[in-house]
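> Structure incoming, see below.
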Amino acid sequence: MPRTADAPGTPWWRRFPLWFPLAVYAVTRLIDAVYFAIMQRSQIPMVPGNGAARVIFPTPAAPGYWPLMANWDGQWYHEIAELGYPDPIPTDPVTGKVVQNPWAFYPMFPMLSRLVMRATGANFYVAGALLSTVVGAIAVVLMFRLVDRAAGRWSAIVATVATSTWVAAPVLQTDYSEACALLVIVLLLTALRGRRYWWVLVLLVALALTRNLVLISAPPLIAHTAVRWQRRDADPFPVRQRVGLVVLTLLSGALTFLWPTIVRLVTGDKDGYAKTMGAWGVDAFEIKLHTWVDYIYYDYGYLGWAACLAGIGWFAWKMLSVDTARWGPELWGWAGAYPAYMVLVTGIGPSRIRYALLAWPVFLLLAWILNRPLLRPRRAWWLTAYALALVALQGWWVWNYWVILGLYPDVQFP
């Protein structure tokens, strides 16, 4: 679907690719702010030694909007922003084993939060949450621009609406790293599509210091390279760029070890990162597919397996169709690689709802569905109904996963 240009002379603030994604993002974040402000009244006091969640910065019951933004992992980001990373790596005084510590969390978000704190004088609760909110706004505007140019105006509308209304999208205004990761991913795919390969290198490094996701960049890079090779007769593909893309692809794998290497160099412990993740019971090299298989069978039996296989089959069929090929290799590569990463690497758990936010190119399939002949005449109404339903579920997510109503060993976390 071709883009629809604004009328000549339209002021920049009235241009659809700017005001529309910002309006959708602002409205959804405002609704979520109301959820947070009301539901925080039910949060219990957070004190150290509670037996279920680590607390280094205590908060009272009903702590208010801003302290609520630093729940759960926000405590770790708060510690990093205020105190930095510990050296040596903390260990249990009795067993000598590494305990849970800040080295498990990548530095981009907390270090940027520290800069905002120093520049504004704001505390972490405010600085981190405002940083996330602003970065998320920039991300959705640039997402709209990227998808508009790659797949058309309707797909751009759906992508930004579906991302802003995703069940776990409230995290984009909290003291978490999702907003920073979203922006880096959008910029990375934009730079790759625009063949700005030096910027791709910079953004690969940035992603490697934001979240443990840089390996997922390999499939978009491979797809981009394959398309350029296929079209090399009509579209010149110099040897220098071929070599550069091969190097970038290899770096997308090698940069996975950037943060573990930094941990090793700073602390002197060559296995410091692996030991840190082990304190959470996480094996960074374990394939987690079996956790999904076991969970689906335990809760839904063979019917669940059949439904999942059907869903995977449909997804694979669509990803190999001409409909998704029109997205361009960059969006197509991320849309295929990120869900596979979630299933193979992350395992089952409530955080996967939050992780799915970064699979946003998959939402282009929703644009395709709503554009079918049966739905197309009222596709805007169908998208609105979808958005309203998801915004309602955001309230469920905030209440069930973000607000801490009680602490017990199997408490659900975002």
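> To make sure I understand the rule: partners must be lysines, Cα under 21 Å from the Cα of Lys97, and not fewer than 8 residues away in the same chain. Which ones qualify?
Lys270, Lys275
> What whole number of Å gives the distance from the Cα centroid of region 358-414 to the Cα centroid of region 1-67?
Going from one Cα centre to the other spans 15 Å.
> Quick check on the exposure proxy: order Asp73, Asp271, Asp410, Asp299 from fewest to most C-beta atoms within 10 angstrom.
Asp410, Asp299, Asp271, Asp73
> Put +1 on the Cβ of every Lys and Arg and -1 on every Asp and Glu Cβ in region 1-149; which of Met111, Gln75, Val98 then has its Cα farthest towards the positive end of the dipole?
Of the options given, the answer is Met111.
> Build a GNM of the chain with springs between Cα atoms under 10 Å: which of Gly311, Gly128, Gly194 gets the top mean-square fluctuation?
Of Gly311, Gly128, Gly194, the Gaussian network model singles out Gly311 as fluctuating most.
> Another question, then. Evaluate region 243-330: find the radius of gyration of its Cα atoms, find its Kirkwood radius, and give the ratio Rg to Rh.
Working: Rg = 19.6 Å, Rh = 17.1 Å.
That ratio equals 1.14.
> Here is a follow-up. Would you mind listing how long region 327-392 runs along its three principal axes, going by Cα atoms, in whole Å with the largest first?
Sorted from largest, the Cα extents of region 327-392 read 40, 32, 15 Å.
> Highest GNM mean-square fluctuation, the chain, Cα pairs closer than 10 Å: which of Val158, Val55, Val239?
Val239
> Sticking with this structure for a sec: Using Cβ counts within 10 Å as a stand-in for footprinting exposure, how do Ile296, Ile404, Ile56 rank, fewest first?
In increasing order of surrounding Cβ atoms, one gets Ile56, Ile296, Ile404.
> Then there's this: What dipole magnitude, in Debye to the nearest 20, does the chain give about its Cα centre under +1 on Lys/Arg Cβ and -1 on Asp/Glu Cβ?
1640 debye
> Compute the angle between helix 178-193 and the longest alpha-carbon principal axis of the chain, please, reported from 0 to 90 degrees and rounded to the nearest 10.
Helix 178-193 sits roughly 30 degrees off the main axis of the chain.
> Ranking Thr225, Thr174 by Cβ neighbours within 10 Å, fewest first, what do you get?
The most exposed by this proxy come first: Thr225, Thr174.
Every number in this text was worked out from the coordinates using simple rules, so none of it is lab data. Everything quoted here is computed from the prediction, not taken from an experiment. No Cβ is skipped: glycine too gets one built from the backbone with ideal geometry, and neighbour counts run over all protein chains shown.
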